[in-house]
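The values are calculated or read from the model by the stated rules, or taken from the named source; none is laboratory data. Since the model is a prediction, treat every value here as computed from it, not as a measurement. Glycine gets a Cβ as well: all are built from the backbone with ideal geometry, and neighbour counts include every protein chain shown. Surface accessibility is based on the protein's heavy atoms, side chains included, excluding ligands, DNA and RNA. Shrake-Rupley method; radii C 1.70, N 1.55, O 1.52, S 1.80 Å.
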Amino acid sequence: MFKNSKSFLSIFATVIIASLLSCNTTENQASGLLNNDVASKVYVKPGDYDEFYGFMSGGFSGQLSVYGLPSGRLLKVIPVFSQDAEKAYGYNEETKPMLNTSYGFVPWDDAHHPELSQTNGETDGRWIFINGNNTPRVARIDLTTFETVEIIELPNSSGNHSSPFTTENTEYVVAGTRFSVPIPQKDVAIDSYKENFKGALSFIKVDDEGHMNIAFQVLLPAFDYDLAHSGKGKSHGWTFFTTYNTEESHTLKEVTASQNDKDFIAAINWKLAEKYIAEGKGVDFPAEHYVNRYDDKTHMATSTKVSTVKVLRPEDCPGLVYFLPTPKSPHGIDVDPTGEYIIGSGKLSADLTAHSFTNMLAAIEAKEFETTIASIPVLKYDKVIGGVVKKPGLGPLHTEFDDKGNAYTTFFISSEVVKWKVGTWEVLDRVPTYYSVGHLMIPGGDSKKPQGKYMVALNKITKDRYLPTGPEMNHSAQLYDISGDKMQLLLDFPTIGEPHYAQAISADRIQSKSKKFYPIEENEHPHRALGEKQTKVERNGNEVHIYMTSIRSHFAPDNIEGIKVGDKVYVHLTNLEQDFDVPHGLAIQGANTSEILVMPGQTETMVWRPKREGVFAFYCTDFCSALHQEMQGYIRVSAKNSNTPLKWSLGLDEEL
Amino acid sequence: MLKNRFPQIVFLFAVLLLTSLFFFPLWKITLLAPQYPEGVEMHIYINKIGGTSPATLQNINILNHYIGMKPIEPESIPELKILPIIIIAFIISGIVIALINNKYLFALWVILLIIAGSIGMYDFYLWEYNYGHNLDPKAPMSFEGESFQPPLIGKKNIINFTAISLPHIGGWLTLISITFTTIASYLKFKSKP
């Protein structure tokens, strides 16, 4: 016995030593490989989590996609501006009001720029905002549920592109118009542009609950207001917008709007704007728009009409707006983490312009004005300039920053990202992108605290990067390691729609707050059924309300009779489950809408208008359990004038 | 003086440990399966049944219904009403006995608590047996010869689940209470009158 245990011990020891040795050798091999082996830098072991949540705009899909970084794994697509049949967003009765506008129901938009909420200039993981460009809107997504909870429409705006960039405590998200229009709208000749058109920049106040309201709009000349970023640190209190078409042209803009050597950056002093509003300088303009809010307790959205906005006009508000001349048709505008430098990327310029905030204040103080346009002082270019990056590439678009004082700028035409030093303006490194990069993103790269480990290039052209899928290809994104001196390409992955801008945040700022299910006792949906005993069917004329529940693996009730052709049937399904990741879906044959997909503790409503007599099946669409295939029921539809009694049941001997 | 008081103080302290049963679960049954990486953990208190989430019991009942196990309904388990009364009786009588400071009463209290604990464990076994064997013949899934009775204490594989049954904080504190009241009684008997 003793002998045995001794030999057992010695074997045990040998195994341990051997495994230690083998560990050592593999580690040595691995570290040798790691320097070259980019795969291991993006490899997230099955079951492990990514370091960052990446949020990429869905562009013309209207949605927001969520990727894990560095793996590039798609985690979720959040429906925002477009109907999504998968999640019944914009199809079920609860979320239809989210897509309501002053033009009625608009089931699509062009989503461009996601922007995380910030506290003290740092991303805080509360919400993410994104703009709808076409029918101007800004949405807010709650990052505990990853669902769109608010959409505000922007009046007096057209092409909501310089949007929704936040101030450093999310006091405001801004929304500038790309296209100038008659304000208020009226029927005028297009060639009366210079006389009748204006550009409005909206400041949307975000309160502690995240609710958005337009605090004021600033009415400016009829330029195109392209992009924006707010100041931070020393420049907190200002927001900067790039402009093009300072020529105020209205046709063949590719030529006519590219004539001026310099366009402007519009610097808005929003703290002063608050003072002017308090002094009553805001003029009420008619501006019908809708604010749509989703409530996590009622599980319903409501759409509220607002009729006017307060408008500030530069002629009434001295010091509110200054123009900073910037070469040439500047696109992106990015403020470095210290708040000192305002980088305007003149997309038709050979150089990259960095204005100095300190110089700007001094120029304002000394009244160093070149001229005045529509009561707005134009500051002298050589008095505000802080530095120029000479001939870094062709077609600069956007800049993000790391935490080591470096900036990274995308070049659309030369299809590359160039790394340069803030302050010395020297070019440090360049990498190609595949192909024609638009925006780029570094986690926290537009905040006061960038995390300069990774950089993602978001490209406009895909061509041969992946297996061909017919004429239309998903756009590609590339992930680079930027922790060293040289940028290193790690990963190439397809995205949904067109990813314009993106944001990323450390997973730990969101992960622990992510909701697992909705507590059913908090469900305040007016048509909830908080247990099978509360299920029922009610008729009121030709309107029928079915209060239904789901729990593994049945619906209650699952046999319903007395429905008639021509009825308008509301099926209110409450998912009684209280466990993580147990949604139930519901689909009815012939319903002229999508399924509904109900999260645990939630109630959703499908409207169904039966068209034919017969018995129609309904079933659970989300494989919920071992008896998911059995999770089905029947609804009997009788003729319009029949007198089939209304009845409902579950099981042979169960009464509901 | 303090030395003479020592067994009495230990006894009183150990009796008061039983009050923890009103705050902490007596027992826990953990179910592990691939789809439940965090496990489903049911907590048995002297007066209620809970778990790591307010919905634990519902989730366990959902799992159990596939094999036709009766739903666990705390309101239909009389022990959850009786046990608190018994524990209060033990605490009050324990405090009184500690004040009387009589070695025979010490011993009697300990023996009664051990008997009550043993009956409790037997009763727990009967409930487990009942849930594990008294299955609805119309259940969607039936497994010939398989027992669904969770273990009284320890680990057992029940179809795709591993069930682990162990005392929780309240249970451990009760065991400590028994141990210390036993020690107090022993010291009391040993000490000179």
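Determine the alpha carbon to alpha carbon distance for each of A:Lys328/A:Lys383; A:Lys367/A:Lys448; A:Lys232/A:Lys419 and list only those over 24 Å.
Among A:Lys328/A:Lys383; A:Lys367/A:Lys448; A:Lys232/A:Lys419, the Cα-Cα distance tops 24 Å for A:Lys367/A:Lys448.
Provide the per residue accessible area, probe 1.4 Å, for segment B:2-190, rounded to a whole number of square angstrom.
The answer is 55 Å² per residue.
Can you give the charge dipole size of segment B:2-190 about its Cα centre, rounded to the nearest 20 debye, using +1 on the beta carbon of Lys and Arg and -1 on the beta carbon of Asp and Glu?
Dipole size: approximately 1000 debye.
Taking both sides together, what accessible area is buried at the A/B interface, probe 1.4 Å, expressed in Å² and rounded to the nearest 100?
Accessible area lost upon association: around 900 Å².
Select from A:Ala504, A:Pro155, A:Val427 the residue farthest towards the positive end of the dipole of segment A:58-513; place +1 on Cβ of Lys and Arg, -1 on Cβ of Asp and Glu, and compute about the Cα centre.
Looking along the dipole axis, the top candidate is A:Val427.
Per DSSP H run of n ≥ 4, the term is -39500 (n - 2.57); total these for the protein assembly as shown, divide by its residue number, and report the mean residue ellipticity at 222 nm rounded to 500 deg cm²/dmol.
Computed mean residue ellipticity for the protein assembly as shown: -6500 deg cm²/dmol.
I'd like the orientation of helix B:103-133 relative to chain B: the angle between its Cα long axis and the longest Cα principal axis, in ° from 0 to 90, rounded to 10.
0 degrees
Are there any residues in segment A:614-656 with a reduction of at least 50 Å² in accessible surface when going from the isolated chain to the assembly of protein chains? Probe 1.4 Å, please list them by number.
Residues meeting the cut-off: A:Leu627.
For segment A:288-426, what is the charge dipole size about the Cα centre, in debye to the nearest 20, if Lys and Arg each add +1 at the Cβ and Asp and Glu each add -1 at the Cβ?
So the dipole magnitude of segment A:288-426 works out to roughly 240 debye.
Quick one: which of A:358-368, A:111-121 comes out on top by average Cβ neighbours within 10 Å, and what's the full order, highest first?
Ranked by mean Cβ neighbours within 10 Å, highest first: A:111-121, A:358-368.
To the nearest 20 Debye, how big is the dipole of chain A about its Cα centre, given +1 on the beta carbon of each Lys and Arg and -1 on that of each Asp and Glu?
Computed about the Cα centre, the dipole is about 480 debye.
Just to confirm a number: summing +1 for Lys and Arg and -1 for Asp and Glu over residues other than A:Leu489 whose beta-carbon lies under 11 angstrom from that of A:Leu489, what do you get?
0
Give me the net charge of A:Ser638's neighbourhood, meaning all other residues with Cβ under 14 Å from the Cβ of A:Ser638; Lys, Arg count +1, Asp, Glu -1.
Net of charged neighbours comes to +4.
Under the rule a/c < 1.5 gives rounded, and otherwise a/b versus b/c splits prolate from oblate, where does chain A land using the Cα gyration tensor?
In terms of gyration-tensor shape, oblate.
What residue among A:Thr372, A:Gly280, A:Ile128 has its Cα farthest toward the positive end of the dipole of segment A:58-513, where the charges are +1 on Lys, Arg and -1 on Asp, Glu, each on the Cβ?
A:Thr372
Which whole-Hz ³J(HN,Hα) couplings does segment A:584-599 yield from phi under the Karplus relation 6.51 cos²θ - 1.76 cosθ + 1.60, θ = phi - 60°, glycine and proline marked x?
10, x, 9, 9, 10, 4, x, 5, 8, 7, 7, 4, 10, 10, 10, 6
Using mean Cβ contacts within 10 Å as the protection proxy, how do A:528-540, B:68-80, B:12-24 order, highest first?
My ranking of the peptides, most packed first, is B:12-24, A:528-540, B:68-80.
At a 10 angstrom cut-off on C-beta neighbours, averaged per residue, how do the peptides A:428-438, A:593-603, B:161-171, A:180-190 rank from highest to lowest?
Most protected by this proxy first, the peptides run A:593-603, A:428-438, B:161-171, A:180-190.
Using a probe of 1.4 angstrom, how much of the accessible area of the protein assembly as shown is carbon and sulfur, in percent?
Carbon with sulfur: 58 percent of the solvent-accessible area.
Output ³J(HN,Hα) for segment A:118-131: one whole-Hz value per residue in order, computed from phi by the Karplus curve 6.51 cos²θ - 1.76 cosθ + 1.60 with θ = phi - 60°, and x for Gly and Pro.
Whole-Hz 3J(HN,Hα) from phi for segment A:118-131: 10, 10, 6, x, 10, 5, 10, x, 7, 9, 10, 9, 8, 9.
Would you mind giving the mean number of other chain beta-carbons within 10 Å of the Cβ of each residue in A:570-578, as a whole number?
2
With a probe of 1.4 Å, find how much accessible area chain A has per residue, and write the answer as a whole number in Å².
About 41 Å² of surface per residue is accessible.
Would you mind checking the tilt of helix B:56-65 against the longest principal axis of the Cα atoms of chain B, expressed as 0 to 90 degrees and rounded to 10?
So the inclination is approximately 50 degrees.
Take the alpha carbon gyration tensor of segment B:2-190, find the square roots of its eigenvalues, order them as a ≥ b ≥ c, and report rounded if a/c is under 1.5; if not, report prolate when a/b exceeds b/c, else oblate.
Because a/c hits 1.5 or more and a/b exceeds b/c, segment B:2-190 counts as prolate.
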